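In what follows, a structure is listed as structure tokens, so that the remarks can point back to it.
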Amino acid sequence: MDKACQSCGMPLEHEDQYGTDAQHHKTDEYCKYCYKEGEFVQPELTMEGMIQQCVPILVEEGMQAEEATSMLRNYLPHLKRWRSLEDTELQLDGPIREEYRGEIHLIGLKARTNNQKEQTSHGIIPNMWERFWSEGVPGRIRGHEGSASVYGCYTDYENGALGEYTFFIGKEAAVDFQTPDDLEELVIPAARYAIFQTTQEPSSIFRVWQTIWEWAATGQGERTYTGDFEVYGSPDEPVLIYIAIK
């Protein structure tokens, strides 16, 4: 599921959720609650007003109000209705290439989280990275010869980019390596990927993820959510982000 209303961000999973254009044809750009017969249902609504309308809905679905507000303030500006003319005219940095990869077997640490939590002070991913390095986890995993890359993985998605997922940090291990009791195993299935590139600066990585969300939400790529991952090599190498696609 990749389509989302370009006004409120609601996932568009079925045609009966689609809005209609001026010719009464269904459009997958907007939901029926935001767009009807080629016009916005609330043409004077501001983005802040949209946030105030959406927060109670997300709270009913189990999200904390603080997390919902933070998520919407980060997500809505990338939707078509709310992008400024300047932003609309900017060219998105798309994937550098597409590539097929077979199964990847990893050993490391894992936990459940979501994008809303990670945009607040309650995010767990920074602490997971700190634990991974401070406990010397990479050195405890005997890998394939010549394979020293570290993977930051996003798997077991509950509802695409909007729901819970498993975050996993790990390395590929040798075939005969026995997994320590305090570490976890992960198998990322074979898939085709769109590959994005960035630096190892956390802010740069976050900006590229924002590009990926917009790239998918605007229909430029169709994600499968079978497993996505970041690959970290030596400090002077770029980070590659692999997004599973159809």
Item checked: Relative contact order (percent, whole number), the chain, Cα cutoff 8 Å, 6+ residue spacing -> 20
Item checked: For the range 214-246 versus the range 149-180, the gap between their alpha-carbon centres in whole angstrom -> 14
Note to self: Could you give me D for the range 15-89, from Stokes-Einstein at 4 °C and 1.567 mPa s, where the hydrodynamic radius is the Kirkwood radius over C-alpha pairs? Units µm² s⁻¹, please.
What the structure shows: 96
Item checked: Backbone HN-Hα couplings from phi across the range 215-231 [Karplus 6.51/-1.76/1.60, Hz, Gly and Pro as x] -> 4, 6, 5, 8, x, 7, x, 10, 7, 9, 6, 7, x, 10, 7, 9, 10
Note to self: In whole Hz and in residue order, list the ³J(HN,Hα) couplings for the range 199-208 that follow from phi through the Karplus curve 6.51 cos²θ - 1.76 cosθ + 1.60, θ = phi - 60°; x for Gly and Pro.
What the structure shows: 8, 8, 5, x, 5, 5, 5, 5, 4, 5
Checklist line | Distance in nm between pseudo-label sites at Ile96 and Arg112 (7 Å out along the Cβ direction from Cα) | finding: 3.5
Next item on the list: State, to one decimal in nm, how far the label point of Ser234 lies from the label point of Lys36, with both points 7 Å from Cα in the Cβ direction.
Entry: 6.2
Check: In terms of modelled amide H atoms, which long-range or inter-chain residues lie less than 5 Å from the amide H of Thr27?
Finding: Gly19, Thr20, Asp21
Notebook entry, point to check: What residues have an amide H closer than 5 Å to that of Ile245, excluding those fewer than 5 places away on the same chain, when H is modeled at 1.01 Å from N in the peptide plane?
Noted result: Arg192, Tyr193, Ala194, Thr224
Note to self: Just the number: Rg to Rh for the chain, Cα atoms, Kirkwood Rh, two decimals.
What the structure shows: 1.01
Check: Full extension from Gln220 to Lys246: what is 0.36 nm times the residue separation minus their Cα-Cα distance, to one decimal in nm?
Finding: 8.2 nm
Next item on the list: Give me the distance in nm between label points sitting 7 Å out from Cα along the Cα-to-Cβ direction at Asp21 and Ile124, one decimal.
Entry: 4.4
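Only the coordinates and a few stated rules stand behind these numbers; no lab work does. Owing to the predicted nature of the structure, the values given are computational and were not obtained by experimental measurement. All Cβ positions, even for glycine, are placed from backbone atoms using ideal geometry, and neighbour counts span all protein chains on display.
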